[in-house]
Amino acid sequence: MAQVLKVGDRDLSPYVRVAHDDGLDPANPEFSEPQFSGSPALGDGQSFVGDAVNNRLMSYPLILSADSTDELYALVREINGDLVKGAQVEYRSGGASQSTFFDLERGRLEPKFEFWIDQAAKVRAMLHLWVRPYGHTGTYRTVIPSFVATGPQTLQATGILGDVFAQGLLRVDSGPTYLASPVHPHMIAFGISQSPSYVGVWRAASLTNVGASSALIGASGAVASQYLGVNASPVGIQAFAWLQFPDGDLKNYEGRQRMLVVARSRVALASGAPAISAVAGANSLHDGRRIGSVVASHSAQWQVYDVGEWSVPRASGLKHPDQSERIEFFWSSASPGQPSSIAASLIASPAFQISAIMLVPLDVAAGIHLGNNWDITGSGESSGGDVHFLFSNEGVTRKLNASTFWRDESEKLRGNGPLLPPTGSPVASGPLSVVFAMGNPKHFLGNRPVKLALSARERFTYLR
Amino acid sequence: MHPRTQIRVVSIEQGGEGQGHDLTDDIEGLSWSSVNPGGDERCTFTLKRSWFSANPEIERGNLLRVMCGIDVLWQGRVEETNRSADSTEKIAVTAYGLGARLKDGTFQEIFIDGDFSGWGEPSTQRRLNQVGAGLSFSPQVSIGAQDAGATEPGLLIDFTSTETVASRAMGAEIWYYGGGVSIGKLRYSFLVLSGPEGNATWQDQAFVLNDDIASAFNSGTDHNATDSTNRTLTATTATRKYALVASNYTDGGGTDMTDLHGWIVPKVIGRHELTEQGTWPNIGFTVDQMVRYLVELVPGISIRRIDEQSFVVQQAAYKEPQPHEDGISDLNRFEGCDWGTWGPDSPLDTSIEGQFDFKDREPETQHWFVPRRDCEDLDLHSETSTLYGAVDVTFEDETGVRRTIRREVDVPDLDGAGITRVYPLDIGKSRQDVAEQMGDAFLAIWGQFAPARGGFSTSAPVRHHERGELSPVYLRADGSNVRLGGILPSTSALTLDSSPDRRTTFPIKRVEVDCSGEVPAARVDVDQANDTLSILQARQGLESELVAA
């Protein structure tokens, strides 16, 4: 196949010179430099701490030609006009079957004036293109075309190509059922894990019930229409549930994850509120590694609580005694620092109810979008009143529905667009896990429909 | 394979729709710092922009956040923009942490004022008015201190050497002015120290007033020469700026008086409505109560955590306007807590206010671990010349006698060198138990390992005791400690005891993260200097002031 070089809409393929010492270098590898840290006097060698990745400099030797010298000069001007930030560069070597695409930051055409060649309406030139370091496929490829379910989910994404993280595009459609009022608080949370066995959503039925008087109870609106209810005295500290991991399973959770809990408290205190506490690998509230605790106000509505961050050391399969294989959940009628004997008044029974645990993996990519005003009375992106949220890793733009984006404050978009890790090229990787949850954090309905689509633009350090 | 540290810099316009801007791709030379106490300190970066273009992203007052993933690493507000040019036009931006809001305004408050220096003579107009009304200011007014005596200090109205005059009241008034701060309550005891009791002809009353001529006031119970302890006079409006205690007597004349009336341990309390702590007359408020009150006065800062304290501060009055931060720092000398203002720590928190923490120190927790091999520019210096094996604590006891006690400790470094070093410590008026406590506190700091201070830099991942391995951009001076592995001398390196100690564990005092290089690097300043002694001295000094009046 013929070599291809395009910058924007301009095809420069006919002008490329390919002689050995002409300086053709479309894949200059010197954009990435490993960085090491540590003092040589204090140890052998130094630790790798990351790559310094700069723009890639591509060099294309050209010989431009036209019907006349005037037209040649006009061609030079037109090419200069094409070298603008954001233009797409396409390159395909003569032996490759697919093109590699790059995002241009800046280009410079360096003609070399040679009188006699100029008389022939030709000029030798070097085209330097400074592009973003990684080549990519040019378009987003659908990985998950349509995922429809209810409540928080863990889903699998497969077949990510490339040798660096692909840029993901996560599209979330809210559906018309969210449009009950123009003011509708919402939360959208997602996280990417490289483990295909990652379970990001633990429903009540998956929890180990250890409360002295707790039981699994059916309820419309709860996640999977069930919750674990603790029907004990509201005074004191009591363990009521375990999140149990099978032996050896903890390696799937290596790294950091944010723990969100869907729960509601039916107890009121005179001076505070019941607290949910989570502890990893413990037999009591004081033995294990405390993940965090949160004050749960009494409410008839299911709410999403941020318990804290749980971290599993990278141990290459070794067990860590301080992590063990379970997370214990306690509920306490005392806020941290208060004595546990504060009297409480029961509003409804069971006293404390937990519907689901969500683990949002943080180490690859995670994002949380929080907003309090969905207004689709303006220009929605589609008929039917769907509100779209696009989480993309392209540049810095977070695309939201046109009628809501301008209202959003940037700080409510926490995190980055999805990055999708590959495991090798050209063979597609195994599955990776995507954890997703959407809903009103103050009135979380576990049966809310979820509509997702995931696309990937795979990337390469060399050429595709 | 892991993606790079996902640092983003975002700014949010204040007011209007709060438009947000992501600056990450446009900036160079990003660095930020945090400090203990204080919290988020400063953030700087440079934008290569035309000076004349509209740059709403960096308008003064914009909220600025440095984030990594869903975590907020630093939060503050844009305050300075400096324009310069070399190869291109640049704008250098400096933002300061939201703790700066604690310095934006001022406050005045009388939490509790038992200082006798605030009491004095009536004003000239008041004297004139009272004389015209038939009052004779014959009795003498003084302040009675307390030293060895059991009777507490008070405002004394001495009627001895006074002879009554017919149809003329003999009396005295002692006035208090709070510098313009509204008074909420006057607390006191009233004692007839000398003379007959229980006579309705006596007027012994306290007042809280609007001005120095008693135009409007709330009056207390007329004690009529009857002992009455632990009294409270409450102001009904916020206009009461003065307090007054007065005693006067009228009879037919010609009586040599033998009376001494005392207004004992008077304490003025402002209108803050904090719950009193302690037992009369040793009442006051805890540091956490007062700090909470001050922070709640500041718009744009929310209280996230204030740890309860137990020490009752019996004297805290801020009559001159001062920044809230100065009040917090001053109160913290009694506790030595770690405090600061930060960004939100939960991804579900949409607030853009500063989050204020006031936490007990955790000197034994090794929050961070950094091995020696990952440290660059490691610099730790100990002031070994200040090691002491003994301290002579000199104090003046309740009877006025100056005493000295010696406290000792074994210091292997000194003992091995055959050196005996004794430090003289004079703590003024005190008791033996307090002197012993202070001596032991001194030796805990200066009698084992001399405090080390210094710092190190690192670009390598650091380990948090709960969160695992993190980029060094997560380091901050929030009261956490760092343990440096592999720095013990050979004589100590092989001990079996790996518990936190002052040889390897250092409180973090300041962190500066620099992202201007190829990878982020953190510079951590540490300091083992301990405030225990100064806290004890502050508490002891408070007690001395109150009893000695």
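Assorted remarks:
- Some residue of the range B:180-193 being modelled with pLDDT of 95 or more, open to solvent by 50 Å² or more (accessible area, probe 1.4 Å), within 29 Å of residue B:271 (Cβ to Cβ) and outside any loop (DSSP other than H, G, I, E, B): yes
- Search result, residues across the range A:219-274 that are of a type in the set (Lys, Arg) and at pLDDT 85 or above: A:256, A:258, A:264
- Checked against the criterion of being open to solvent by 40 Å² or more (accessible area, probe 1.4 Å) and within 14 Å of chain A (Cβ to nearest Cβ), the candidates B:5, B:106 yield just one match: B:5.
- Residues within the range A:1-55 that are within 27 Å of residue B:371 (Cβ to Cβ) and either in a loop (DSSP other than H, G, I, E, B) or among the charged types (D, E, K, R) (or both), tallied: 8
- Within the range B:246-272, the residues that satisfy the criterion of being in a loop (DSSP other than H, G, I, E, B), modelled with pLDDT of 85 or more and open to solvent by less than 30 Å² (accessible area, probe 1.4 Å) are B:259, B:272.
- Looking across the range A:44-60, the residues that are away from chain B (no Cβ under 14 Å) and either crowded, with 20+ Cβ neighbours inside 10 Å or farther than 30 Å from residue A:11 by Cβ (or both) come down to A:56, A:58, A:60.
- The set of residues from the range B:381-400 being open to solvent by less than 60 Å² (accessible area, probe 1.4 Å) and either acidic (Asp, Glu) or assigned to a strand (DSSP E or B) (or both) comprises B:390, B:391, B:392, B:393, B:394, B:395, B:396, B:397.
- Some residue of the range B:88-101 being away from chain A (no Cβ under 14 Å), over 32 Å from the mean Cα position of the chain (by Cα) and without any contact (Cβ under 8 Å) to a residue 24 or more places away in the chain: no
- Residues located in the range B:202-245, provided they are aliphatic (A, V, I, L, M) and either within 25 Å of residue B:159 (Cα to Cα) or open to solvent by less than 30 Å² (accessible area, probe 1.4 Å) (or both): B:206, B:208, B:209, B:213, B:214, B:225, B:233, B:235, B:243, B:244, B:245
- Scanning the range A:96-144 for residues that are free of Cβ contacts under 8 Å to residues at least 60 places away in the same chain and of a type in the set (Phe, Trp, Tyr) yields A:101, A:102, A:113, A:115, A:116.
- Residue in the range A:1-43 that is modelled with the lowest pLDDT, counting only those that are closer than 30 Å to residue B:522 by Cβ, of a type in the set (A, V, I, L, M, F, W, C) and surrounded by 13 or more Cβ atoms within 10 Å (Cβ to Cβ): A:42
- Some residue of the range A:414-426 being of a type in the set (Val, Ile, Thr) and either crowded, with 20+ Cβ neighbours inside 10 Å or modelled with pLDDT of 85 or more (or both): no
- Close contacts from the range A:145-170, counting a first residue that is over 18 Å from residue A:197 (Cβ atoms) and a second that is in a loop (DSSP other than H, G, I, E, B) and of a type in the set (Val, Ile, Thr), with Cβ to Cβ under 7 Å and a gap of 6+ residues or different chains, come to A:163/A:461; A:164/A:461; A:166/A:160.
- Scanning the range B:425-464 for residues that are modelled with pLDDT of 80 or more, within 20 Å of residue B:524 (Cβ to Cβ) and open to solvent by 10 Å² or more (accessible area, probe 1.4 Å) yields a count of 7.
- Residue tally, condition aliphatic (A, V, I, L, M), over 15 Å from residue A:391 (Cα atoms) and surrounded by 24 or more Cβ atoms within 10 Å (Cβ to Cβ), over the range A:433-464: 0
- Restricted to the range B:73-87, and to residues there that are in a strand (DSSP E or B) and of a type in the set (S, T, N, Q), the residue that is modelled with the highest pLDDT is B:75.
- Each residue in the range A:69-120 was checked for being in contact with a Lys or Arg (Cβ under 6 Å, 6 or more places away or on another chain), under 15 Å from residue A:8 (Cα atoms) and either among the polar types (S, T, N, Q) or surrounded by fewer than 11 Cβ atoms within 10 Å (Cβ to Cβ) (or both), and 2 of them qualify.
- Residues in the range A:163-204 that are open to solvent by 50 Å² or more (accessible area, probe 1.4 Å) and modelled with pLDDT of 90 or more: A:199, A:203.
- Selection count, the range A:299-342, where residues are open to solvent by 70 Å² or more (accessible area, probe 1.4 Å) and modelled with pLDDT under 70: 8
- The condition of being away from every other protein chain (no Cβ under 14 Å) and not in a strand (DSSP E or B) holds for residue B:54.
- Residues of the range B:330-369 that are farther than 30 Å from residue A:437 by Cα, of a type in the set (Val, Ile, Thr) and either within 12 Å of chain A (Cβ to nearest Cβ) or part of a loop (DSSP other than H, G, I, E, B) (or both): B:365 alone.
The values are calculated or read from the model by the stated rules, or taken from the named source; none is laboratory data. All figures in this text were calculated on a predicted structure; none of them were measured in a lab. Cβ: placed from backbone, ideal geometry, glycine included. Neighbour counts: every protein chain shown. Side chains included, ligands, DNA and RNA excluded: accessible areas come from the protein's heavy atoms. Shrake-Rupley method; radii C 1.70, N 1.55, O 1.52, S 1.80 Å.
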